[in-house]
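Laboratory data are not the source of any read-out in this text; all were calculated from the coordinates shown. Everything numeric here is computed off the predicted structure, so don't read it as measured data. Cβ atoms come from the backbone with ideal geometry, glycine included; neighbour counts cover every protein chain shown.
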Amino acid sequence: MSNGTAILITLQTFTKQEGTVSKYNRKFEGRLFQMGNSIYLRYTEDDNNETAVVTFKINNDGSIQLTRKSKTMRTQLFFEDNKRISATYRTPYGEIPIETVTPSLNVNISDLPLAGAVRVDYLLYSGSKLLGEYKIRLQFTG
């Protein structure tokens, strides 16, 4: 995955935790790679003096793996339509087991012109406790 193709990413996330809704909206310059049957979207976030590399791995079956890695933390989430899947959240204090449930997942990618959209609605659990409801809306153009 040396070079890839330069893309512009527009990312919106909606978070609902304990009744409070927050919205995040940013644009990033990123790269798109294809390896085997999977497409990778990668960009770097700089928030609160911390840099994190974010990678969306889109598999040909439509499932998605989201990895967010910084110096001190690493989150790896898996999204597959209507499935509950174990995930990992690694902190400096240890690993916290979490799970995702994905009631809605949609991926559209076109080659000419290079563009795409990823829509993921998911619930995040720690054991039986619901940590929050999330929506990811990612669009990219080449």
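Treating r as the C-beta distance of residue 44 and residue 115 and R0 as 25 Å, the FRET efficiency rounds to 0.75.
Each semi-axis of the equivalent ellipsoid for segment 61-142 is √(5λ) with λ an eigenvalue of the Cα gyration tensor; in descending order they amount to 26, 16, 9 Å.
Take the Cβ atoms of residue 26 and residue 131, set R0 to 22 Å, and the FRET efficiency comes out at 0.50.
Between residue 108 and residue 123, the simple spin-label model (points 7 angstrom out along Cα→Cβ) gives 2.7 nm. Neighbours of residue 11 by Cβ distance under 10 Å: Lys/Arg scored +1, Asp/Glu scored -1, total +2.
Projected label points at residue 16 and residue 70, each 7 Å from Cα along the beta carbon direction, are separated by 2.6 nanometres.
For segment 1-139, count the residues as N, evaluate 2.2 N^0.38 Å, and divide the Cα radius of gyration by that value, please. Walk me through the numbers on the way to the answer.
Numbers: Rg = 15.0 Å, N = 139, 2.2 N^0.38 = 14.3 Å.
Its radius of gyration relative to the 2.2 N^0.38 Å reference: 1.04.
In this structure, the residue pairs whose Cα-Cα separation is over 19 Å, taken from 71/135; 71/129; 57/83; 16/135; 57/129, are 71/135; 71/129; 57/129. Using the Cβ of residue 41 as centre and a radius below 10 Å, the other residues enclosed give a net charge of +3, where K and R count +1 and D and E count -1. Could you tell me how far the Cα centroid of segment 1-40 sits from the Cα centroid of segment 53-123, in Å? Cα centres, segment 53-123 to segment 1-40: 10 Å. Relative to the 2.2 N^0.38 Å rule of thumb, segment 19-100 has a C-alpha radius of gyration ratio of 1.20.
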